[in-house]
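Enquirer: Sharing a structure, written as structure tokens. Questions coming.
The values are calculated or read from the model by the stated rules, or taken from the named source; none is laboratory data. Since the model is a prediction, treat every value here as computed from it, not as a measurement. Every residue, glycine among them, receives a Cβ derived from its backbone with ideal geometry; neighbour counts consider all protein chains shown. What goes into the accessible areas is simple: the full protein's heavy atoms, side chains included, and nothing from ligands, DNA or RNA. Shrake-Rupley method; radii C 1.70, N 1.55, O 1.52, S 1.80 Å.
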Amino acid sequence: MSTRPAIGQPISRLEGHMKVTGAAKYAGEYNVPGLLYGYVINSTITKGKIISFNTEAAKALPGVIEIFTHENRPSLAWFDLSYADMDAPPGSPFRPLYNAEVSSNGQPIGLVVAETFELARYAATLMEIQYEEESFRVDLKENLAEAHTPSIGMATMLKPPPPKPKGDFEEAFANSYAQVSAEYFHGTEHHNPMELFATTTIYEGDGKLTIYDKTQGTINSQLYVGNIFGLHFKDVRVISPYVGGAFGSGLRPQYQLFLSVMAALELKRPVRVTLDRSQMFTFGHRPQTVQYTRFGTDEYGKIIAMNHKAIGETSKNEDYTENVVNWANMLYASKNTLMQYELVDLDVFSPLDMRAPGGSTGSHAIESTMDELSYKLKIDPMQLRLINYSEKDDSLGRPYSSKELRQCYLQGAERFGWAERNPEPRSMRRGNKLIGYGMATGIWEANHLPARAEAIIDSEGKLQVSSAVTDIGTGMMTIMAQIAADELGLPVEDVAISYGDSKMPFAPIQGGSFTTSTIGSAIKAAGKALRKKLFKKAKDMDSSIFSSMDIEDVAFRDGKISVKDSPALSVSFKEIVAANKGKAIKTINFSVPKFFKLKKYSRAAHSAVFVEVEVDEQLGVINVTRAVTAVAAGRIINPKTARSQILGGMVWSVSKALREETITDYRLGKYMNQNLGEYHIPVHADIHDMDVIFVEEKDENVNELGTKGVGEIGLVGMPPAIANAVYHATGKRINQFPIHFDSLL
Amino acid sequence: MNNFSYIKANDLPTAFGHVRLGDAAKYIAGGTNLIDLMKYNLTKASSLVDINHLVGNHDIEELPDGGLRLGAFVRNAATAYHPLVEERYPLLSRAILAGASAQIRNMATNGGNLLQRTRCYYFYDANTPCNKREPGSGCSAILGYNRIMAILGTSESCIAVFPSDMCVALAALDAVVNISGEDGERSLAFADFHRLPGDTPELDNNLKPGEIITSIDIPQKGFARNYSYLKLRDRNSYAFALVSVATGLELENGLIKDARIALGGVAHKPWRVKEAEDFLKEKEPSAENFAQAAEIILFGAKVFEYNSFKVELAKRAIVRNCMMALNPESQLPGAQPSA
Ligand SMILES: Cc1cc2nc3c(=O)[nH]c(=O)nc-3n(C[C@H](O)[C@H](O)[C@H](O)COP(=O)(O)OP(=O)(O)OC[C@H]3O[C@@H](n4cnc5c(N)ncnc54)[C@H](O)[C@@H]3O)c2cc1C
Ligand code: SF4
């Protein structure tokens, strides 16, 4: 019997057992003799200058090795460019311990290195630091007048500016039959993956370093360290096999990496720097954003005018941007559009991509506005989306590489029981609870970047595949094995995956839901090349049965090359390697997306989300009792890990719509709930019945695998679907996330 | 870390002796609050005197007058699940189980629960002014983000809330706190145990330095037929109350004979108003009457920028919870509002 294709099988994560038994080691868990521990000192002011450090008491403690500040740090690279990483927005990247300036609350300003973590932390409390404080601004809503157009840079490639205006929005809007204009807001949010940021740097001598880093890109960290500290890239090895979640926070090298490497190089000893939970609130975050929409339709509900404007927060040193306003006209056609995106510079650390950056923000406004329109027009919310369904991407006038969103609506509605909805707000109830049904659409781009992968058939006839890519907990490693297995016709057990190591073939940062497409395509290309090579070697064998055949005439199955029509005629991989004098057969391939072909299409995953909420009529308490997400994301490599991604996005949606917020005291310029007791993410009791449907979607254009990625789409449509359900239940529209239950009183 | 010595005390005099010796000596029971405060550098202890091994007060015992004595060192979980508590004081059981998480309740002691400190964000951030942490430095919460702060009994120096759930039930049940000190033993009515902030927000309660809570007595009347605990908060578990209500009703011939209503999440101590309870006596247990009682209880509430919702929320919570008390079966896990 032939090996069953691994793609499409719900295989459990291959490293799952290691993780749940504690055998998987994370960046902060590598121990070596003589390891030193660094504890970061963070600024307690929001803006100003450091006048002085008094380190005497701290240094006097036996076991404290060194205290690094801007005053005694080694001299470092000088140019901005050296600090720029793969995900750096236009501007001047933050440089830890650069000078006496403090530009955000919690900015790292020093590092205590000691023999134990506890000692380092204690010593940090003995530091006396004098500041000269300056006035600051951290409140977006109070500073909207300062909004400006973002500057353009490398990052603009994946985050294009808003599409150009079309037609005459103002006139069309003024003349439209039904109109909605609304304002939306959400405050700052922090990623808070379970694993704390940590780096263990092993000083190997001769300018060589081995670095265990929590990151979403081993090569990104490697380049960053090499550039700043003037090291040869080959001497800097960054390893990150297990990552306990990151959600975007590891897309840029974080300051503990810099500090750990700096200390290790200076002290010529291994140094670990681990952040604590409150320090997890001292770097990137989802930026507070204000949005305005004005949508107008004709009497049939067809949108004729669409304006979406967003103003986001950024730091003073970088123009961090998101795609917030690029989606509306991708989803819904309109002849007259006006999409605007601006930034306000505040005294905060640069924001950073956080799961579904921009997309979840934009959909909040777009999909709530659509919902409001549906009530104005007295058209069912889903029907309104179908009326405005756009087969092509109207913002760029391009066809989609594939788009099964219509099926998402239909199958999702069916599973959910949308037809039972009474259109009247406040019309459905159960005891003390008002019941609301809400829905929304999700969209997320399907990108594809260049990457390399290596594939080897070893002397056992087994396959080894490697790539520098990380697995941030999504199941990346498992689907790499599935894709590779099918390429060579092997069972997954016969595939060994190596990853998370900068020594391995190049991979970009892991994020943006492009990793499956990117690494999957690289593996596919490597697999194809390996097949060719194996076949050639098989043909070259003495009295080869394939001597007069072409590769088209044979099949790769069960660890053998066999004649297509007579499987019994075969040569095993093991025999081929033996004939190759026992030398493994190896290919390494650089896979580049077909940019020219891709440019002809818009590529996106879609979803339709249906939500039921219960709202206590007197007390306002909200529970999301049921939700269905129907996703069209091309080919699903592993339905189990993919489902987990969507479920994770759905749980996060409950969080975003109803729970999480970084409480900011705008007067003090600081975040006040820097712990998981007060930064509320959902608990079990908040999560009820959740269901995922993968709608079949064939896509021959997007990439060779036909996959689109499912990392973010789960978090795009559901938050507004919850807000819409709350409106349907209560007749109250709360356009601010999270929705506090007391706002419904 | 800050070094400290650890002393295991087996009897009260040893414990008193150690705490008298060092200013910065602290008793440690479950440690669920104290250790956090030490990690945040808010409490500095030169020594920790472990009172978990003191002889006595590790049980729940019946009192001769029909009441119950809760040992100070009994864990919160063991108290909530004790058969006598479940049977006679289900209100207390419910309130305890609405607090913290299973893990924390397994460690937390009854004595420690009374002494947990506020959850005011500013209190926990040593770099912001806070009169409770540093008398005279100012109160950051009054003009800051005060969604979780008090609306009753506040002062110009502090608007913090006492966060316990268990204590809201104990207040409703007229518990008595038994205390031992070097000068002997004394008892405080529950209402007199915690303080309002006034000019001395640094003092949460009337326990004197070095004193130890040994037990808590609850009188016979447990309102086991008609009781309810309702907790309203920003997530369904593992979050402190924005408003909570403990209600016990005694009904006779369709009228209210005795009523207890205590609020949590609104003041520096569990909040009870005798006039409201008196008002309900001999009245019908109706939503209208409960609503009037609620008006009396919230009389004089003072709101701040972000917590004005608490007044209306508390009123509605009182009404709902009193209605739930008429049908205790309607209570849901996690002290959520009835279905
Ligand atoms: C994340 C989190 C969430 C929580 N959520 C809730 C909640 O929702 N509701 C709720 O009610 N509580 C909640 N708690 C608080 C918890 O109930 C208290 O921390 C616990 O009850 C304290 O008891 P302990 O025995 O651990 O006290 P410890 O931490 O040991 O002691 C607290 C203080 O009391 C003193 N002390 C302790 N026992 C005695 C005694 N017998 N005599 C004299 N002094 C004594 C100690 O010196 C110390 O100062 C939460 C706690 C945490 C950490
Ligand atoms: S409310 Fe009380 S505890 Fe909070 S900052 Fe003010 S003084 Fe401190």
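Enquirer: Give A:Leu386, A:Leu352 a once-over and let me know the one that is aliphatic (A, V, I, L, M), out of contact with any helix residue (DSSP H, G or I) (no Cβ under 6 Å at 6 or more places or on another chain), assigned to a loop (DSSP other than H, G, I, E, B) and at pLDDT 95 or above.
Expert: Unique residue meeting the criteria: A:Leu352.
Here is a yes/no grid of residues against (1) outside any helix (DSSP H, G or I); (2) not assigned by TED's automatic domain parsing to the domain that holds A:Asp87:
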site	(1), (2)
A:Ala155	no, yes
A:Lys159	yes, yes
A:Phe173	no, yes
A:Ser181	yes, yes
A:Phe185	yes, yes
A:Leu209	yes, no
A:Thr215	yes, no
A:Gly226	no, no
A:Lys234	no, no
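Enquirer: Ok, one more. Considering only residues that are surrounded by fewer than 16 Cβ atoms within 10 Å (Cβ to Cβ) and within 11 Å of another protein chain (Cβ to nearest Cβ), which ones fall in region A:92-150?
Expert: A:Thr116, A:Glu118, listed by residue number.
Enquirer: Please count how many residues of region A:683-737 are free of Cβ contacts under 8 Å to residues at least 12 places away in the same chain and touching a strand residue (DSSP E or B) at 6+ places or on another chain (Cβ under 6 Å).
Expert: So the answer is 0.
Matching residues to (1) on the phi < 0 side of the Ramachandran plot; (2) open to solvent by 30 Å² or more (accessible area, probe 1.4 Å); (3) small (Gly, Ala, Ser):
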residue: A:Asp213; (1), (2), (3): yes, no, no
residue: A:Tyr242; (1), (2), (3): yes, yes, no
residue: A:Gln256; (1), (2), (3): yes, no, no
residue: A:Lys268; (1), (2), (3): no, yes, no
residue: A:Pro287; (1), (2), (3): yes, no, no
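Enquirer: Going residue by residue through region B:62-71, is there one that turns out to be within 11 Å of ligand 1 (Cβ to nearest atom), outside any helix (DSSP H, G or I) and in contact with a His (Cβ under 8 Å, 6 or more places away or on another chain)?
Expert: yes
Enquirer: Do any helices (runs of 4 or more DSSP H) entirely within region B:112-224 hold 1 or more residues that are within 16 Å of ligand 2 (Cβ to nearest atom), modelled with pLDDT of 95 or more and in contact with a Cys (Cβ under 7 Å, 6 or more places away or on another chain), and if so, which?
Expert: So the answer is B:121-124.
Enquirer: Hey, among the residues in region A:682-691 that are at the interface with chain B (Cβ under 8 Å from one of its Cβ atoms) and in a loop (DSSP other than H, G, I, E, B), which one's nearest to A:Gly649 (Cα to Cα)?
Expert: Going through the qualifying residues, I end up with A:Pro682.
Enquirer: Right, something else. Only one of A:Tyr292, A:Tyr320, A:Tyr300 is in a loop (DSSP other than H, G, I, E, B), aromatic (Phe, Trp, Tyr) and surrounded by fewer than 24 Cβ atoms within 10 Å (Cβ to Cβ). Can you tell me which?
Expert: A:Tyr300
Enquirer: Is it true that some residue in region B:110-127 is of a type in the set (A, V, I, L, M), outside the structural domain of B:Tyr27 (by TED's automatic domain parsing), away from ligand 1 (no atom under 11 Å from the Cβ) and surrounded by fewer than 15 Cβ atoms within 10 Å (Cβ to Cβ)?
Expert: The answer is yes, given that some residue of region B:110-127 is of a type in the set (A, V, I, L, M), outside the structural domain of B:Tyr27 (by TED's automatic domain parsing), away from ligand 1 (no atom under 11 Å from the Cβ) and surrounded by fewer than 15 Cβ atoms within 10 Å (Cβ to Cβ).
Enquirer: Kindly evaluate A:Gly63 against the criterion of being open to solvent by less than 60 Å² (accessible area, probe 1.4 Å) and either more than 14 Å from chain B (Cβ to nearest Cβ) or under 30 Å from A:Glu132 (Cα atoms) (or both).
Expert: no
Enquirer: Looking at region B:316-339, which of the residues that are more than 7 Å from chain A (Cβ to nearest Cβ) and open to solvent by 40 Å² or more (accessible area, probe 1.4 Å) is nearest to B:Asn289 (Cα to Cα)?
Expert: Taking the candidates together, the pick is B:Met323.
Enquirer: Now for a different question. Out of all the residues in region B:90-102, is one or more touching a strand residue (DSSP E or B) at 6+ places or on another chain (Cβ under 7 Å) and away from ligand 1 (no atom under 16 Å from the Cβ)?
Expert: There is at least one residue in region B:90-102 that is touching a strand residue (DSSP E or B) at 6+ places or on another chain (Cβ under 7 Å) and away from ligand 1 (no atom under 16 Å from the Cβ).
Enquirer: Identify, from the list A:Ala496, A:Ala455, the residue that is more than 14 Å from chain B (Cβ to nearest Cβ), in contact (Cβ under 8 Å) with a residue 12 or more places away in the chain, assigned to a strand (DSSP E or B) and open to solvent by 10 Å² or more (accessible area, probe 1.4 Å).
Expert: Criteria check complete, one pass: A:Ala496.
Enquirer: Right, another one. Filter region A:215-231 down to the residues that are open to solvent by 20 Å² or more (accessible area, probe 1.4 Å) and in contact (Cβ under 8 Å) with a residue 60 or more places away in the chain and list them by number.
Expert: The answer is A:Gln222, A:Leu223, A:Asn227, A:Phe229, A:Gly230.
Enquirer: Give just the number: which of (1) touching a residue at least 40 places away in the same chain (Cβ under 8 Å); (2) part of a strand (DSSP E or B); (3) more than 13 Å from chain A (Cβ to nearest Cβ) does B:Leu230 not satisfy?
Expert: It fails just one condition, (3).
Enquirer: Mind listing just one residue for me: the one in region B:40-70 that is among the charged types (D, E, K, R) and under 23 Å from the mean Cα position of the chain (by Cα) and, of those, least open to solvent (accessible area, probe 1.4 Å)?
Expert: B:Asp50
Enquirer: Examine region B:175-182 for a residue that is within 16 Å of ligand 1 (Cβ to nearest atom), within 14 Å of chain A (Cβ to nearest Cβ) and of a type in the set (Ser, Thr, Tyr), and state whether such a residue exists.
Expert: For region B:175-182, residues within 16 Å of ligand 1 (Cβ to nearest atom), within 14 Å of chain A (Cβ to nearest Cβ) and of a type in the set (Ser, Thr, Tyr): absent.
Enquirer: Ok, one more. Being of a type in the set (A, V, I, L, M, F, W, C), touching a strand residue (DSSP E or B) at 6+ places or on another chain (Cβ under 9 Å) and modelled with pLDDT of 95 or more: is that true of B:Ala25 here?
Expert: No, not satisfied.
Enquirer: From B:Gly300, B:Gly264, B:Gly254, which residue is under 29 Å from B:Arg117 (Cα atoms), surrounded by fewer than 22 Cβ atoms within 10 Å (Cβ to Cβ) and away from chain A (no Cβ under 14 Å)?
Expert: On inspection, the qualifying residue turns out to be B:Gly300.
Enquirer: Scan region A:695-713 and give yes if some residue there is more than 14 Å from chain B (Cβ to nearest Cβ) and outside any loop (DSSP other than H, G, I, E, B), otherwise no.
Expert: Yes, because at least one residue in region A:695-713 is more than 14 Å from chain B (Cβ to nearest Cβ) and outside any loop (DSSP other than H, G, I, E, B).
Enquirer: Can you pull out the residues in region B:275-288 that are outside any loop (DSSP other than H, G, I, E, B) and either touching a residue at least 40 places away in the same chain (Cβ under 8 Å) or open to solvent by 30 Å² or more (accessible area, probe 1.4 Å) (or both)?
Expert: B:Glu275, B:Asp278, B:Phe279, B:Ala287, B:Glu288
Enquirer: Just checking, how many residues over region A:409-432 are open to solvent by 20 Å² or more (accessible area, probe 1.4 Å) and at negative phi?
Expert: 16
Enquirer: Next question. Find all pairs meeting these conditions: Cβ atoms under 8 angstrom apart; at least six residues apart or on different chains; first residue within region B:137-150 and closer than 14 Å to A:Met672 by Cβ; second residue more than 8 Å from ligand 2 (Cβ to nearest atom) and not in a loop (DSSP other than H, G, I, E, B).
Expert: B:Ser140/A:Asp665; B:Gly144/A:Asp665; B:Tyr145/A:Thr664; B:Tyr145/A:Asp665
Enquirer: Which of the residues spanning region A:57-71 are over 17 Å from A:Leu97 (Cβ atoms) and touching a helix residue (DSSP H, G or I) at 6+ places or on another chain (Cβ under 6 Å)?
Expert: A:Leu61, A:Gly63, A:Val64
Enquirer: Next question, about the same structure. Filter region A:624-636 down to the residues that are within 13 Å of A:Leu658 (Cβ to Cβ) and either aromatic (Phe, Trp, Tyr) or open to solvent by 20 Å² or more (accessible area, probe 1.4 Å) (or both) and list them by number.
Expert: Across region A:624-636, the qualifying residue is only A:Thr625.
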